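Here is the structure we will look at.
The values are calculated or read from the model by the stated rules, or taken from the named source; none is laboratory data. Since the structure is predicted, the reported quantities are computational estimates derived from the model, not experimental observations. Because the Cβ atoms are built from the backbone with ideal geometry, glycine has one as well, and the counts that use them run over all protein chains shown.
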Amino acid sequence: MNVEVGRYIEFDAGHRLLKHEGKCSAIHGHRYKLEVTVTAEQLDVVGRVVDFGVIKSLVGGWIDLFIDHGVILEIGDPLIELLRAAPGPAAKIFTLHNAPTAENLLGLFHDVVKDKLSGQGLALVGLKLWETPNCFAEWRA
């Protein structure tokens with residue numbers, strides 16, 4: 001039986017796209033929603049592909065630690081040094097080698113999720129990253 005299950009993981013983060021031709025070149029934030037879909041060769045003894053909490057812990061835990069309530073910036077963005085030098089509580093900054101578009105973030109999450117699922121007996125089937133309620137990037141195996 002081929003059964004797929006999924007879990008939404010929501011998080012908040014700011015970013016900006018330096019080369020964007022419009023308002024997204026300014027720093028702004030989103031309420032992101034990452035949809036993770038997995039499968040397994042067989043159901044476990046309980047009758048599940050996986051407990052949904054496992055996905056939340058493995059993937060959501062990483063997002064909470066590195067991305068949630070932070071700022072995602074491209075390496076070389078001058079804002080990185082300004083934020084690091086600002087007085088007060090340190091800003092959580094996550095840097096990418098490319099622009100923090102939904103497509104590039106999806107590539108990052110693909111690598112992270114594949115790593116987190118390694119050894120769990122699960123196969124990644126799909127990822128969908130919602131940047132807004134109307135806009136998303138999607139990867140399917």
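Please go through the range 129-141 and pick out each residue that is touching a residue at least 40 places away in the same chain (Cβ under 8 Å) and over 17 Å from residue 61 (Cα atoms). The answer is 130, 131, 132.
Any residue that is of a type in the set (Gly, Ala, Ser) and more than 23 Å from residue 22 (Cα to Cα) - is there at least one of those in the range 128-139? Scanning the range 128-139 turns up no residue that is of a type in the set (Gly, Ala, Ser) and more than 23 Å from residue 22 (Cα to Cα). Selection over the range 11-21 of residues that are part of a loop (DSSP other than H, G, I, E, B) and either touching a helix residue (DSSP H, G or I) at 6+ places or on another chain (Cβ under 7 Å) or modelled with pLDDT of 95 or more (or both) gives a count of 5.
Checking 85, 40, 99, 91 one by one, the residue that is touching a helix residue (DSSP H, G or I) at 6+ places or on another chain (Cβ under 6 Å) and either over 22 Å from residue 140 (Cβ atoms) or not β-branched (Val, Ile, Thr) (or both) is 91 and no other. So for the range 33-51 (the condition being among the hydroxyl-bearing types (Ser, Thr, Tyr) and either touching a Gly at 6+ places or on another chain (Cβ under 6 Å) or on the phi > 0 side of the Ramachandran plot (or both)), does at least one residue qualify? Checking the range 33-51: at least one residue is among the hydroxyl-bearing types (Ser, Thr, Tyr) and either touching a Gly at 6+ places or on another chain (Cβ under 6 Å) or on the phi > 0 side of the Ramachandran plot (or both). If you go through the range 55-110 and keep only what is modelled with pLDDT of 95 or more, loosely packed, with under 12 Cβ neighbours inside 10 Å and small (Gly, Ala, Ser), you end up with just 76. Counting just the residues of the range 22-47 that are charged (D, E, K, R) and modelled with pLDDT of 95 or more, which one comes out nearest to residue 76 (Cα to Cα)? Applying the filter and picking the extreme gives 23.
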